[in-house]
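Below is one structure, written out as structure tokens; comments come after it.
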Amino acid sequence: MPGGLSRRADYHLRVHGVRVAVPRIETRRLLDLGMPPDDARRVADFQRRWGGWVLPPGAQYSGGPLWFRADVPEPAPGGGWRFDAGPQRTAVPYGFMVGPGGEFGIHAERWTPLHATVEGWVEALALTAHVLMWARRITKVTGGAVDALDLSGYAPVHEVAGLADTWWRGGDELVALYTGEAECFDAPGSRLAIIYSGLDAWGLRGGGPPED
């Protein structure tokens, strides 16, 4: 099991995740492609840590990668290297990648980091599965209406390491904001917020860190 996860995400992987065999990545082959040693080790470490993990689909991005598998490293325009994180689960117009700083995101017209770490993506999957079990009401807000949401009294859910996609906690609600596709394609109307309401104390945290 990968370390560095909340109890919620660790449980999600143990109960709902499956790991299949994937080839090891030899850093020597990556060095032959011109990758710097630190980037080559990062790709190999991803494959060793996450390669072969198959997780249930997420709420957006047509579920996310079918499984994790490092592939096709390439130089990033801003410096460093990025690489494919795994094949698409369905026909979506972008690929899933890990960025030069370890970010997990999507790439099409532009590179758009969704979470600062792969662990953040996994934490978001686990939180989604958890809150779907406990919310009494689910509300979706799209496009310009997302700007009208008042989250001033809400705290960020830090374990998801949100960048384009973030989670917020306040009152009896968890709010998931998805702006990755909007940023990737310069399409503000694609912004989405999902509000999970009517949560008790367990529903609000459910195995996450005791304090954010």
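Below, the figures for the structure above:
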{"item": "Residue match in the stretch 147-165 (condition: at pLDDT below 95, part of a helix (DSSP H, G or I) and of a type in the set (A, V, I, L, M, F, W, C))", "result": "yes"}
{"item": "Residues located in the stretch 186-212, provided they are part of a loop (DSSP other than H, G, I, E, B), at pLDDT 95 or above and within 18 Å of the chain's Cα centre (by Cα)", "result": "Arg191"}
{"item": "Filter result (within 19 Å of Arg110 (Cβ to Cβ) and either free of Cβ contacts under 8 Å to residues at least 40 places away in the same chain or assigned to a loop (DSSP other than H, G, I, E, B) (or both)) within the stretch 49-61", "result": "Gln60"}
{"item": "Residue within the stretch 25-32 that is in a helix (DSSP H, G or I), of a type in the set (Ser, Thr, Tyr) and within 24 Å of Val160 (Cα to Cα) present", "result": "no"}
{"item": "Verdict on Val175 being of a type in the set (A, V, I, L, M), modelled with pLDDT of 95 or more, part of a strand (DSSP E or B) and surrounded by 19 or more Cβ atoms within 10 Å (Cβ to Cβ)", "result": "yes"}
{"item": "Top-ranked residue of the stretch 110-142 - restricted to ones that are β-branched (Val, Ile, Thr) and buried (at least 19 other Cβ atoms within 10 Å of the Cβ), ranked as nearest to Glu181 (Cα to Cα)", "result": "Thr112"}
{"item": "Restricting the stretch 30-46 to residues that are without any contact (Cβ under 8 Å) to a residue 12 or more places away in the chain and surrounded by 12 or more Cβ atoms within 10 Å (Cβ to Cβ), the residue that is nearest to Thr117 (Cα to Cα)", "result": "Asp45"}
{"item": "Output for the stretch 92-109, where each listed residue is under 19 Å from Thr179 (Cα atoms) and exposed (fewer than 15 other Cβ atoms within 10 Å of the Cβ)", "result": "Pro93, Ala108, Glu109"}
{"item": "Any hit, the stretch 137-153, residues being closer than 30 Å to Gly3 by Cβ and touching a Phe, Trp or Tyr at 6+ places or on another chain (Cβ under 9 Å)", "result": "no"}
{"item": "Subset of the stretch 171-212 (residues that are more than 22 Å from Arg8 (Cα to Cα) and out of contact with any Phe, Trp or Tyr (no Cβ under 8 Å at 6 or more places or on another chain))", "result": "Thr179, Ala182, Glu183, Phe185, Asp186, Ala187, Pro188, Gly189, Ser190"}
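The values are calculated or read from the model by the stated rules, or taken from the named source; none is laboratory data. All values reported here derive from a predicted model rather than from experimental measurement. Reconstructed Cβ throughout: ideal geometry from the backbone, glycine too, with neighbour counts over all protein chains shown.
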